[in-house]
1. Can you name the condition, by its number, that residue 81 falls short on among (1) over 26 Å from residue 151 (Cβ atoms); (2) at pLDDT below 95; (3) not aliphatic (A, V, I, L, M)?
2. Give all pairs with beta carbons closer than 6 Å in which a residue from segment 146-158 that is under 16 Å from residue 80 (Cβ atoms) meets a residue that is among the polar types (S, T, N, Q) and surrounded by fewer than 13 Cβ atoms within 10 Å (Cβ to Cβ); count only pairs at least 6 apart in sequence or on separate chains.
3. Need pairs with beta-carbon distance below 6 Å; first residue small (Gly, Ala, Ser) and modelled with pLDDT under 95 and within segment 95-118, second assigned to a helix (DSSP H, G or I) and open to solvent by less than 50 Å² (accessible area, probe 1.4 Å); sequence gap 6+ or separate chains.
4. For segment 72-91, give me each residue that is among the acidic types (Asp, Glu) and under 14 Å from residue 104 (Cβ atoms).
5. Within segment 39-77, how many residues turn out to be modelled with pLDDT of 80 or more and open to solvent by less than 80 Å² (accessible area, probe 1.4 Å)?
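The values are calculated or read from the model by the stated rules, or taken from the named source; none is laboratory data. Here the structure is a predicted model, which is why all the values come from computation and not from measurement. Note that each Cβ is placed from the backbone with ideal geometry, even for glycine, and that neighbours are counted across all protein chains shown. Please note that ligands, DNA and RNA were not included when accessible areas were found on the heavy atoms of the full protein model with its side chains. Shrake-Rupley method; radii C 1.70, N 1.55, O 1.52, S 1.80 Å.
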Amino acid sequence: MRETTIPGKVASIVAPLLQRACLALDSDTRVARLEIQRALELLLATATPAEPQAHLVHGPTRGLAPWQARKVIDHVHAHLEAPIRVEDMAGVTRLSTSHFFRAFRVSFSMPPHAYVRAVRLARARELLLGSDEPVSRIAVTCGFADQAHFSRVFRHETGSAPALWRRERRSPLAAKGPMAAERVLLTQLPTAANL
């Protein structure tokens with residue numbers, strides 16, 4: 001590997017970051033990790049484009065590893081009723097929040113918030129078709145703040161209110177057989193592109 005020249009300005013920023021990281025290493029590993037990450041990002045930003053960087057850091061432009069994508073999917077499904085924070089999703093992948101966010105977008109072709117909303121809506125459609133639960137209970141089960149919030153999001157995505165959507169689809173799907181609703185839902189659920 002050939003060496004790259006680091007401009008004086010970048011070196012004057014990187015050196016204090018690494019010094020703070022060394023001091024924090026014994027007492028606060030999280031701070032040390034953040035300082036090292038900042039220094040590494042600055043160094044990578046000054047590297048020439050022809051220089052291979054894959055060996056230096058697990059680049060977020062490659063997306064999530066298959067195990068990371070599975071962990072995120074499992075985490076989202078396991079916590080669907082509760083608020084799901086990007087920080088928690090990043091924690092299960094062992095990535096910083098910013099790296100996770102970029103890698104997630106590469107793997108899933110959407111930001112984490114949009115994915116969680118899509119999974120919640122897919123589960124809501126499944127419950128609307130397969131149960132007689134009230135719309136308000138389905139809203140809470142799928143992690144929406146309340147029925148009004150669920151109705152707004154559902155109407156925005158489908159063009160129809162949840163109760164009306166349920167009535168319109170129940171009779172045609174029932175006529176096609178019990179597995180028809182499941183086949184429709186499985187084709188609509190977002191998945192990781194890189195699994």
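1. (1)
2. From residues that are under 16 Å from residue 80 (Cβ atoms), there are no pairs.
3. Once the first residue is small (Gly, Ala, Ser) and modelled with pLDDT under 95 and sits in segment 95-118, its partners that are assigned to a helix (DSSP H, G or I) and open to solvent by less than 50 Å² (accessible area, probe 1.4 Å) give 103/60; 107/69.
4. 87, 88
5. Count: 10.
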